[in-house]
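First the structure, in the form of structure tokens, and then the observations on it.
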2 protein chains.
Amino acid sequence: MQMDERKRKILRAIVQDYIATAEPVGSRTIARKFDLGVSPATIRNEMADLEELGFIEQPYTSAGRIPSDAGYRYFVDCLMGAQTLSDEDKEIIERESTKKICEIQEVVSQTSRLLSELTSLTSLVLGPQKGKSAFGKMHFLPYQPGQVIMVIVKENGVVENHIVDVGDNLTAEDLQKVADVFNQKMKGYSLSQVKRSMLHEIYSELSRQRHLIDNALEMLDAILDGSEEDEPIYLGGTLNMLNQPEFRDLDKVKSLFKVFEENEPLKKLLLPRQEGLNVTIGGENTLKEFRDCSVISATYKVNGKTIGAVGVLGPTRMDYGKVIAIVDFMTKSLTEVLARGKPRGYK
Amino acid sequence: MQMDERKRKILRAIVQDYIATAEPVGSRTIARKFDLGVSPATIRNEMADLEELGFIEQPYTSAGRIPSDAGYRYFVDCLMGAQTLSDEDKEIIERESTKKICEIQEVVSQTSRLLSELTSLTSLVLGPQKGKSAFGKMHFLPYQPGQVIMVIVKENGVVENHIVDVGDNLTAEDLQKVADVFNQKMKGYSLSQVKRSMLHEIYSELSRQRHLIDNALEMLDAILDGSEEDEPIYLGGTLNMLNQPEFRDLDKVKSLFKVFEENEPLKKLLLPRQEGLNVTIGGENTLKEFRDCSVISATYKVNGKTIGAVGVLGPTRMDYGKVIAIVDFMTKSLTEVLARGKPRGYK
DNA sequence: TGTTAGCACTCTCCTCTAATGAGTGCTAAC
DNA sequence: GTTAGCACTCATTAGAGGAGAGTGCTAACA
């Protein structure tokens with residue numbers, strides 16, 4: 001059996017109506033709401049075919065039909081057509097993107113908030129990967145007797161500071177020397193790349209300040225590498241999920257929100273199998289908590305390099321056209337903002 | 001009518017049983033579970049009295065009784081007796097508190113996590129108030145052409161850094177001069193305290209660097225004062241609320257979680273009417289979302305000065321004895337940790 | 001051969017009713 | 001003052017019946 005034009009029209013009608021109403025769609029409804037020029041009986045026949053093809057299913061005998069995952073997939077891939085963004089939404093995004101921002105975190109959280117607001121769904125934003133940042137420059141500043149402020153400028157421009165305990169017997173010159181050696185030897189390397197030999201050199205050059213070096217290395221370790229693993233994902237509008245009829249069930253809500261508290265599953269959800277825009281529908285997600293959910297995600301870039309991703313999570317019964325348009329435009333806007341504003345924090 | 005010993009025993013039994021089962025308590029149940037040496041009929045008579053006194057109420061005619069807010073209040077104030085902490089919990093808290101921590105934020109989030117874990121309720125932790133911190137010292141470090149890193153050491157020891165745009169024509173000496181003037185004039189003042197005259201002085205002394213000063217002041221404003229308003233409250237174990245039978249209702253959950261997203265109401269909930277430990281029961285909370293909730297909160301100190309608060313939020317039907325013991329011990333442990341470890345970030 | 005009207009059938013959802021059971025208040029006896 | 005007994009109340013549950021939506025099938029029609 002083949003899909004013909006009428007089947008496509010009917011499938012599209014079913015998906016659209018189900019997205020709008022969350023109720024199983026009957027042949028009569030389609031005949032009434034969509035002007036297909038055929039009777040409900042004909043539509044019924046076609047629906048039987050569509051069911052056989054696996055695009056729709058019945059919750060129970062003699063209920064209307066709802067789209068299957070495959071049905072949504074076919075809809076997204078073949079039926080949806082060009083996604084248009086409403087002028088209103090477009091304007092809102094553009095207005096936001098012209099705001100001046102200096103911290104990368106602000107950009108990310110703003111993006112997250114905006115996404116969930118525009119879609120009335122839950123947004124996921126993965127900020128620029130800090131992990132790969134390398135050592136740039138080190139400064140020491142006076143703080144208190146026995147302690148100094150160690151300021152680390154990473155190669156990606158992020159500045160961090162930590163208090164380091166030093167002995168009482170270190171002079172400003174000693175510290176300057178330590179900084180000089182570090183700056184010279186380590187520029188451009190992350191700590192994990194620092195060879196033993198390099199450390200050895202530093203140690204031997206600065207044998208007097210061994211205590212300080214140990215402390216400094218510990219701090220550096222945390223700054224340069226520690227953050228790699230648990231890059232947080234910004235969640236927005238989680239409560240929107242509670243408005244979805246598919247989450248009327250409290251146990252479902254509980255297990256969903258539990259997953260929200262973890263990072264790894266969300267990252268898996270967000271990170272695309274390929275560059276650009278991805279649509280993951282229902283069971284295509286591996287996690288059972290998301291079996292009834294779809295994710296629209298997309299990566300964004302700086303200098304042609306992919307550095308993060310944004311996504312929207314909602315029930316499979318979501319307005320794919322609208323959400324895809326929003327996510328798409330948002331990543332483009334984000335890429336633009338990052339290229340223009342150059343806030344600190346991305347590589 | 002007066003409370004006598006038997007009435008007290010019965011009220012205590014009702015509260016304890018209701019806390020344990022979440023079911024209205026009948027006279028028969030009390031006679032069976034608690035050995036009061038009287039028959040259900042007698043207990044019924046006493047319960048009628050307790051109801052008249054306002055300590056218990058009936059959800060509907062011929063259901064068992066549940067404690068009213070006043071009943072819980074009487075229980076907490078007069079019936080509960082000394083709260084003992086289980087050795088197990090004590091050990092857990094002590095083990096946590098010996099861990100080395102260097103950032104105040106870690107302490108706060110650890111505390112929050114621990115509280116919600118031990119109580120299976122929701123924890124609220126208000127970190128040390130940063131607001132009152134004053135200007136301590138300013139440093140400039142080279143960053144990129146046209147930009148410098150402004151490092152601000154606040155009087156409470158917190159170090160923050162920001163990138164500031166400067167013109168191309170500023171030398172290191174110029175910057176040093178700016179820093180010197182700021183350090184000299186502003187030490188110990190928060191920006192809101194800076195008199196116009198003082199600013200005038202700075203301006204006239206540094207007329208050449210006006211552009212830099214404007215930028216610096218803007219940053220300082222954010223650092224010194226901006227954080228005062230929206231000191232975040234750390235929430236832990238919000239999902240625990242979903243396990244409480246009183247939150248079976250999805251609408252209730254929705255409105256509760258909505259409040260969780262705001263800061264102001266939570267702060268109101270947490271900030272005590274008096275120093276030390278506070279118990280706020282049911283309707284004593286002003287917000288309608290918390291009408292069925294109680295809050296056990298307590299302040300913690302450093303150097304004898306109250307600087308923050310922790311609290312536990314749960315249904316009015318909570319195990320007051322246990323929770324009070326935990327919160328009490330926790331604040332003491334926290335006070336101790338802060339006094340000993342002196343992590344940065346408190347005043 | 002494709003389309004349509006008609007019709008019996010299925011299954012959910014809602015409502016109504018009756019039975020159950022927990023718990024009370026009252027009364028009278030101890 | 002305490003208790004046993006009893007009638008009464010009311011939430012909860014299960015079951016029955018009806019309404020309604022929607023289907024699949026059949027037969028007639030173009």
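Taking the condition within 15 Å of DNA strand C (Cβ to nearest atom) and either among the acidic types (Asp, Glu) or free of Cβ contacts under 8 Å to residues at least 12 places away in the same chain (or both), does residue A:35 pass?
On the way: within 15 Å of DNA strand C (Cβ to nearest atom): yes; either among the acidic types (Asp, Glu) or free of Cβ contacts under 8 Å to residues at least 12 places away in the same chain (or both): yes.
Considered against the rule, which asks whether it is within 15 Å of DNA strand C (Cβ to nearest atom) and either among the acidic types (Asp, Glu) or free of Cβ contacts under 8 Å to residues at least 12 places away in the same chain (or both), residue A:35 comes out as yes.
Could you look through region B:16-46, keep only residues that are surrounded by 18 or more Cβ atoms within 10 Å (Cβ to Cβ) and under 37 Å from the mean Cα position of the chain (by Cα), and pick out the one that is nearest to residue B:244 (Cα to Cα)?
Restricting to residues being surrounded by 18 or more Cβ atoms within 10 Å (Cβ to Cβ) and under 37 Å from the mean Cα position of the chain (by Cα), the top hit is B:19.
Yes or no, residue by residue, for (1) more than 16 Å from DNA strand D (Cβ to nearest atom); (2) surrounded by 17 or more Cβ atoms within 10 Å (Cβ to Cβ); (3) within 14 Å of chain B (Cβ to nearest Cβ); (4) not in a helix (DSSP H, G or I):
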{"position": "A:48", "(1), (2), (3), (4)": "no, no, no, no"}
{"position": "A:60", "(1), (2), (3), (4)": "no, no, no, yes"}
{"position": "A:82", "(1), (2), (3), (4)": "yes, no, no, yes"}
{"position": "A:106", "(1), (2), (3), (4)": "yes, no, yes, no"}
{"position": "A:138", "(1), (2), (3), (4)": "yes, yes, yes, yes"}
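Take residue A:177 and tell me if it is more than 14 Å from chain B (Cβ to nearest Cβ), over 30 Å from residue A:54 (Cα atoms) and touching a residue at least 24 places away in the same chain (Cβ under 8 Å).
Working: more than 14 Å from chain B (Cβ to nearest Cβ): yes; over 30 Å from residue A:54 (Cα atoms): yes; touching a residue at least 24 places away in the same chain (Cβ under 8 Å): yes.
Yes.
For residues that are more than 30 Å from residue A:68 (Cβ to Cβ) and modelled with pLDDT of 95 or more, tally how many sit in region A:311-347.
Going through region A:311-347 one residue at a time, the tally reaches 0.
Here are some residues: A:120, A:97. Which one is open to solvent by 30 Å² or more (accessible area, probe 1.4 Å) and either among the small types (Gly, Ala, Ser) or outside the structural domain of residue A:14 (by TED's automatic domain parsing) (or both)? Talk me through it step by step, then tell me what you get.
Values: A:97 fails: open to solvent by 30 Å² or more (accessible area, probe 1.4 Å).
Step by step, each of A:120, A:97 is checked, and only A:120 is open to solvent by 30 Å² or more (accessible area, probe 1.4 Å) and either among the small types (Gly, Ala, Ser) or outside the structural domain of residue A:14 (by TED's automatic domain parsing) (or both).
Every residue in region B:4-46 that is of a type in the set (Ser, Thr, Tyr), within 12 Å of DNA strand D (Cβ to nearest atom) and within 26 Å of residue B:318 (Cβ to Cβ), please.
Kept after step one, since they are of a type in the set (Ser, Thr, Tyr), are these residues of region B:4-46: B:18, B:21, B:27, B:29, B:39, B:42.
This time we only want the ones that are within 12 Å of DNA strand D (Cβ to nearest atom), so: B:27, B:39, B:42.
If the condition is that a residue be of a type in the set (Ser, Thr, Tyr), within 12 Å of DNA strand D (Cβ to nearest atom) and within 26 Å of residue B:318 (Cβ to Cβ), then B:27 is the only one that fits.
Give me the pairs, please: first residue somewhere in region A:237-253 and part of a loop (DSSP other than H, G, I, E, B) and surrounded by 18 or more Cβ atoms within 10 Å (Cβ to Cβ), second residue anywhere and at pLDDT 90 or above and of a type in the set (A, V, I, L, M), beta-carbon distance under 8 Å, and either six or more positions apart or on two chains.
Here the result reads A:237/A:115; A:237/A:121, each pair linking region A:237-253 to a residue that is at pLDDT 90 or above and of a type in the set (A, V, I, L, M).
Mind checking whether some residue in region A:68-75 is touching a residue at least 12 places away in the same chain (Cβ under 8 Å) and either closer than 30 Å to residue A:340 by Cα or within 16 Å of DNA strand C (Cβ to nearest atom) (or both)? So that I can check it myself, show each step before the final result.
Here is the first cut: in region A:68-75, the residues touching a residue at least 12 places away in the same chain (Cβ under 8 Å) are A:68-75.
Now narrow it down to the ones that are either closer than 30 Å to residue A:340 by Cα or within 16 Å of DNA strand C (Cβ to nearest atom) (or both): none.
Checked region A:68-75: no residue is touching a residue at least 12 places away in the same chain (Cβ under 8 Å) and either closer than 30 Å to residue A:340 by Cα or within 16 Å of DNA strand C (Cβ to nearest atom) (or both).
Evaluate the following for residue A:316: is it surrounded by 22 or more Cβ atoms within 10 Å (Cβ to Cβ) and β-branched (Val, Ile, Thr)? Walk me through it before giving the result.
Working: surrounded by 22 or more Cβ atoms within 10 Å (Cβ to Cβ): yes; β-branched (Val, Ile, Thr): yes.
Yes; evaluated as a whole, the condition is true for this residue.
Looking at the structure I just gave you, is residue A:275 open to solvent by 20 Å² or more (accessible area, probe 1.4 Å), in a helix (DSSP H, G or I) and more than 11 Å from chain B (Cβ to nearest Cβ)? Quick ask: steps written out before the conclusion?
Values: open to solvent by 20 Å² or more (accessible area, probe 1.4 Å): yes; in a helix (DSSP H, G or I): no; more than 11 Å from chain B (Cβ to nearest Cβ): yes.
It is false that residue A:275 is open to solvent by 20 Å² or more (accessible area, probe 1.4 Å), in a helix (DSSP H, G or I) and more than 11 Å from chain B (Cβ to nearest Cβ).
So residue A:94 fits all but one of (1) over 33 Å from the mean Cα position of the chain (by Cα); (2) assigned to a helix (DSSP H, G or I); (3) at pLDDT below 95; (4) not aromatic (Phe, Trp, Tyr); what number is the exception?
Residue A:94 satisfies every listed condition except (1).
Quick one: is residue A:239 away from every other protein chain (no Cβ under 11 Å) and at pLDDT 85 or above?
So residue A:239 fails the test.
Being at positive phi and more than 6 Å from DNA strand C (Cβ to nearest atom), is that true of even one residue in region B:47-57?
yes
The values are calculated or read from the model by the stated rules, or taken from the named source; none is laboratory data. Note that the coordinates shown come from a computational prediction; the quantities given were computed from them, not determined experimentally. Cβ coordinates were reconstructed from backbone atoms using ideal geometry, including for glycine residues, and neighbour counts include every protein chain displayed. Keep in mind that these areas ignore ligands, DNA and RNA; they rest on the heavy atoms of the full protein, side chains included. Shrake-Rupley method; radii C 1.70, N 1.55, O 1.52, S 1.80 Å.
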